[in-house]
1. So, of the residues in the stretch 770-780 that are of a type outside the set (S, T, N, Q) and open to solvent by 10 Å² or more (accessible area, probe 1.4 Å), which turns out to be farthest from V448 (Cα to Cα)?
2. Determine whether the stretch 451-462 contains at least one residue that is among the β-branched types (V, I, T) and either open to solvent by less than 20 Å² (accessible area, probe 1.4 Å) or under 30 Å from R525 (Cα atoms) (or both).
3. Can you tell me how many residues within the stretch 607-616 are open to solvent by less than 10 Å² (accessible area, probe 1.4 Å) and either among the acidic types (D, E) or more than 40 Å from the chain's Cα centre (by Cα) (or both)?
4. If you scan the stretch 824-834, which residues turn out to be assigned to a strand (DSSP E or B) and crowded, with 19+ Cβ neighbours inside 10 Å?
5. Of all the residues that make up the stretch 396-428, how many are among the aliphatic types (A, V, I, L, M), more than 46 Å from the chain's Cα centre (by Cα) and buried (at least 19 other Cβ atoms within 10 Å of the Cβ)?
6. Taking the stretch 562-586 as the search range and keeping residues that are aliphatic (A, V, I, L, M) and open to solvent by less than 20 Å² (accessible area, probe 1.4 Å), which one is nearest to T388 (Cα to Cα)?
7. Could you list, in sequence order, all residues of the stretch 685-714 that are more than 41 Å from the chain's Cα centre (by Cα), surrounded by fewer than 21 Cβ atoms within 10 Å (Cβ to Cβ) and outside any loop (DSSP other than H, G, I, E, B)?
8. Can you name every residue in the stretch 781-823 that is out of contact with any helix residue (DSSP H, G or I) (no Cβ under 7 Å at 6 or more places or on another chain), under 18 Å from T538 (Cβ atoms), part of a strand (DSSP E or B) and not polar (S, T, N, Q)?
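The values are calculated or read from the model by the stated rules, or taken from the named source; none is laboratory data. Note that the coordinates shown come from a computational prediction; the quantities given were computed from them, not determined experimentally. Methodologically, a virtual Cβ is constructed for each residue, glycine included, from the backbone with ideal geometry; neighbour enumeration extends over all protein chains shown. Keep in mind that these areas ignore ligands, DNA and RNA; they rest on the heavy atoms of the full protein, side chains included. Shrake-Rupley method; radii C 1.70, N 1.55, O 1.52, S 1.80 Å.
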Amino acid sequence: MAERTSTGLLTMMLEPTPAVAMTLPAEVREKLAELELELSEGDITQKGYEKKRSKLLAPYIPQIQGVDPSLQIDNRIQASSQAVIPSSKHNKSRAANTRDERFRSDLHTEAVQAALAKYKERKMPMPSKRRSVLVQSSVEACTPPDTSSASEDEGSLRRQGRLATSTPYQGHGHSHPAVEHWFNRVIQGSSTSSSASSTSSHPGGRSVTTTNTTAHAALNVNAAATALADLMAHTQLDNHSAPPDVTGLSERSSLHAERPQVASVRGVSRSYNHHTSVMETADGVPVNSRVSNKIQQLLNTLKRPKRPPLREFFVDDFEELLDVQQSDPNQPKPEGQQMSPLEGEPLGVVTNWPPSLPAALQRWGTTQPKSPCLTALDNAGKPVYTLTYGKLWTRSQKLAYTLLNKLSTRNEPLLMPGDRVALVFPNNDPVMFMVAFYGCLLAELVPVPIEVPLTRKDAGSQQIGFLLGSCGVTLALTTDACQKGLPKAQTGEVATFKGWPRLLWFVTDGKHVVKPPKDWHPPIREASNDIAYIEYKTSKEGSTMGITVSHSAMLAHCHALTQACDYTEAETITNVLDFKREAGLWHGVLTSVMNRMHVISIPYSLMKVNPLSWIQKVHTYKARVAVVKSRDMHWSLLAQRDQRDISLSSLRMLIVADGANPWSISSCDAFLNVFQARGLRPEVICPCASSSEAMTVAIRRPPEMGVPPPGKAVLSMGGLSHSVIRVDTEEKLSVLTVQDVGQVMPGALVCVVRVEGTPYLCQTDEVGEICVSSGSTGVAYYGLPGMTKNIFETIPVTSSGVPISDRPFTRTSLLGFVGPDSLVFIVGKMDGLMVVSGRRHNADDVVATALAVEPMKFVYRGRIAVFSVSVLHDERIVVVAEQRPDASEEDSFQWMSRVLQAIDSIHQVGVYCLALVPANTLPKAPLGGIHISETKQRFLEGALHPCNVLMCPHTCVTNLPKPRQKQPEVGPASMIVGNLVAGKRIAQACGRDMAQLEDNDQFLYLQDVLQWRAQATPDHPLFLVLNSKGTVASTASCLQLHKRAERVAAALMGRLNTGDHVALVYPPGIDLIATFYGCLYAGCVPVTVRPPHPQNLATTLPTVKMIVEVSKSVCILTTQAITKLLKSKEAAAAVDIKSWPTVLDTDDLPRKKSPQMYKPPTPEMLAYLDFSVSTTGILAGVKMSHAATSALCRSIKLQCELYPSRQIAICLDPYCGLGFALWCLCSVYSGHQSILVPPLELESNASLWLTAVSQYKVRVTFCSYSVMEMCTKGLGSQTEALRLRNVNLSCVRTCMVVAEERPRISLTQSFSKIFKDLGLSPRAVSTTFGCRVNVAICLQPNRLGKLAEQGTAGPDPTTVYVDMRALRHDRVRLVERGSPHSLPLMESGKILPGVKVIIANTETKGPLGDSHLGEIWVSSPHNATGYYTVYGEEALHADHFNTKLSFGDTQTVWARTGYLGFLRRTELTDASGERHDALYVVGSLDETLELRGMRYHPIDIETSVIRSHKSIAECAVFTWTNLLVVVVELEGSEQEALDLVALVTNVVLEEHYLIVGVVVVVDPGVIPINSRGEKQRMHLRDGFLADQLDPIYVAYNM
């Protein structure tokens, strides 16, 4: 459809009207397009074309237009044989459509439809929305929850046949693409996206309408389903790894291969839950979930070739961002001569022209007092009052006298001549306004007319307040009625509006003003350069400026308008515009008085009720001139059918005030079509161009004045986007038809200058900003000298830099050019200008394109805002529209995707965001229309509350930095040499030497230590467990613990063999510790397992089951309560309870002593297994030998100086890692007393841990991040209450956070800050670091005061700031605090005695230099000896535990931690006088996201996202098929959900140069967190893909 007929017709006769085109079925539209193509290629004659076409359309035409089809065809034949006709002619034959004529151009509509046809409706994934977010009808309200999500989504698929999940297939009669086609697509693995139209092309080539196929498709897809099931059965076996990464980078996939996949918790569903469905197909595309189906669609939309990106926008490296945007060599360039300034005709000399406006008023008021000046109408259109010139004169005098003499403060007059006064008059009271305006002029005061503030929160009202403040306004004039309607404070006075100065309100009605004495006369002077009035104007950014107009300029403008419009005395003029500013004021208040004209003022409120009112008044009053906007013409077209008896023959000028809007031409044409029959002469329509700064710039003159005929130009939008004028020839689709706005004003000199930079004159075929030099423009922005200089004192220069005139010019903010016959053409305004990647687009043009996409059903026509926001160094286009309440989700979404395609086609520019908001929620401008800057502000603040959002960052962000190419690695040896040459040391560090032995170090086995303590110090208390009330729940001394352990050992010895694995499933407490030692006594290998959560068996029990199975435990030891739980009916729903091994309840064991203790033959024997679920969802068990266990205890004892006399408090989970070691091992080894606080108890009593620390005066305490977070969130506001309960934390020397992650600086800092009031030293809080291969690498105990020098403790933890951009490239670059892109990192603690750490290159396995980022490797006697997994895959991970460097020290055996970090030598020294080496952990390698060739740590992206909006409580990110998915928890009302989509996308683009693929908004608490307070991103990912999150909203960014 892109080509037109060979005769180059611009008519639309050969096209069905858009309404028709859209009701035709797709296949008919397609055939029409083919025919069209054949005709244009010359493969078919015109006659054959018409014949075939009429045949195709015959069934549809009558029902559409009720016309005999044969007639229609005849018309077309006639039309097609005519020559090219101007587009205004063929409009006549059509009835006026009910569309917004301002933005109407049939040509444009046709172009848009054609452009859309090209796209063949690409399928896009529709966002999913929770039902409650929709405004729903009662019927929908009862949709069962599991169907609601399916019904919203195209292509939702519950699998049937052999794949059936337990849910029955739900068929919905929505326009889903046929399921069969979908299956075929999956089986073929093709990437074609299905068509979103009502038909779907099947491989067989037939086209089936799918209104109801979905329901039936279930039947005929069995074959496909079975085929798919077979395919699935084969893929399942080898598909335990995470879905393959399609980045094409092999590093990640090799990483996948070396994870212990088998023991992955994500595997639960695969290995143990046989009835859940399979997750992925062979190529990693999940099948059963709607979500992944949509992601597939999304990927398909992204696979199409993008517009070629600009030359790279900046190079992202250490140098600051470089803007290296180069222009396209083929873009059109201006070729014309330099334009020469254009002069208007000279201002004529008029005899007895009044010397000033007040003088004119005085003349008419005294000589023609009965002459009518202004007629005001009420809302029914009846004249309420006619103000005569006599009345205007006397009433203005009264007001002037009153203002000057009757208002005083402390006996001083309140106002002096030259003071500014606010005029606050409603739009339907022009009479009072006029009296007030002239009253001020007579009193030599400066009126500042503003809008009536209706509420305290009016859009833009604060800015008006700033204007009043800066103008020093203290008094506001208003009417009695208006004053009564203003919002009041409690005192009854008018409320102070936000941002407004304090104002005195004065009512100007008769009873408040006094008659001046006989001898008082207002001073009537000649027009001077003093300020006459100030007109407000809102800029594109939303700030309000006051434009000052001098008396002489006001007079000169009246003179110029009089001459241009040929005004004569006593003419009648109807004014529909706002009389407070711009053309309404110039024609209806100022020039009218100059010429003693009679103004009929039509209020906006009347236009809303009766859009024809102005035409009726022209008829009634035989008005000669009417001043309107194109909107008013459009409105009257909609209403004209019922009016037959009106005549517009009296009009000699119909001034179209917004003629500068290029889209006004269609309103003018359509208006002429309809009203020519009612006496309207074509030449009467006079568009004009004006701006607040320059006043009237150009106006088309009435034809009597002998001016050339009006002109029209059809311009190429492509050319215009490069500021070049090209009459369009080849691209028929994107054109802009503009009409001229007449000639330059009399006495003015006009030129066109470049928009940016030095104001050079444009060439004749170049679009620029129009500048005017004349005596009738504004003078300045009040109080803004800098901006005034730029706008009102521009000096245009020629290409050689010579000023063209010594007179300053005023920039009009109108973009245009001077056409033939010296006519001025305007193509847009600076306010609507959006410069996207070097090309210019006009907001109005984009609105017009959006409106051409049949929006009638979906959005309100006049309520569309288009603006640009700056994201990542370029402007991005945002379109916001109000959605009709009856539009369905799916329809609106379809409309949105079509709008995107249309704008893309016609303007060749991508839309960044398209948002629909509920009806009537966009901020309104005072007289209808949308307050654009306020809308933009709300969008950026996340306060727009849209009900539908489509973001398309993929298409319009073309200026991302180049993806990083991996450089060939430098050879290992050269690196060492390089480091030495550069004077860099190799990054390695170690803790103190552990050589000196101590008393109990002869014990290699912990069970021996316990026995020894039971004999040596039987009554020494080792453990004390607190309950949630803070009271002691249980205690254990050395002997008691020994006795209980013996009982357990006795029970085990008869039943089990030595070396058997035993699962200990206990709540935190003494039982757990006693059974642990009981196992050691009996020679069994204990495995501690967190008990299942009784309220959440479904998710916690499978993990228990899995650990028991993976660890090959032959027996479970537990309490009576848990035994019951494991075998309960509820448990049976989650796991197979028959397959549990023997369960022993240890609550009432007989008091039996075991025959003899088991002695392990060597310390290398396995002591216990430590199982933990990593954040990536992988279950990893590590083996701890007896030697490693005692080395660990010894190292911690030395580092923390633990002795029997010490007490430490532990608030950690006792099941794995350092938490287990501190809870179960250290007290027995070192003999200190441990106060145990189970973290779970904090949920019911947040202050439990800190109260215990204070009560027992504990010096050393351990906690986890989740405990710290509970305290900061739960107790932040209660520190005062805690102090009253005598909680004092000054005893704490060290509070260590046990973690396996990068230290969370913000959390530790806020914790320190909050509890500083309770005496907590800011230096006390520090972090630890451990991982699977070594549970304790760093601990940072701190000493305060004198002890610090003698003690063994290290210096304070140091914080450095690194450049986040360098980090993505695996480099460390230290920067100053607060520099852009800086990221604070805190060292993880002092390295433990006996531990050596080195930083190695992840690829070459060679050592790295100081401050280089690499993998942390550790060597120590307490390293674990290996992974323990079920399928004996230890070989895969052997190198995790015994790796050697590829060069350098190739002897030492290291364990790889899987964490990235760096070492940095600090200036501090530790106790031994050595320089202190700080270890910084950056993040886990498994968690990193490889995107665009760079390495990202999820936490950094999450931090940015959480900062982007106050309602984001938590955030987690992960990737899926190379798309970045961001999940945010919304704290706030659900209507805010969609606000987050744009903000999240913006912040990730700005700070990380990444495009977010999917934004998921969920309820608080959905992101799973493990016991250590770490986010379980992979669980979240699986939940998302399996559609289990119940999200509030899912946005798929296109």
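1. Our first condition is that a residue be of a type outside the set (S, T, N, Q); within the stretch 770-780, this holds for 770-772, 775, 778-780.
Checking which are open to solvent by 10 Å² or more (accessible area, probe 1.4 Å) leaves us with 775, 779-780.
Details: G775: 21, V779: 15, A780: 14 Å.
Residue satisfying both the conditions and the ranking: G775.
2. Taking every residue of the stretch 451-462 in turn, none turns out to be among the β-branched types (V, I, T) and either open to solvent by less than 20 Å² (accessible area, probe 1.4 Å) or under 30 Å from R525 (Cα atoms) (or both).
3. Here the count works out to 4.
4. Listed by number, the residues that qualify are V824, F825, I826, V827, G828, K829, M834.
5. Total meeting the criteria: 5.
6. Applying the filter and picking the extreme gives I573.
7. Passing the criteria: P703, E704, M705, K712.
8. Hit for the stretch 781-823 is L814, nothing else.
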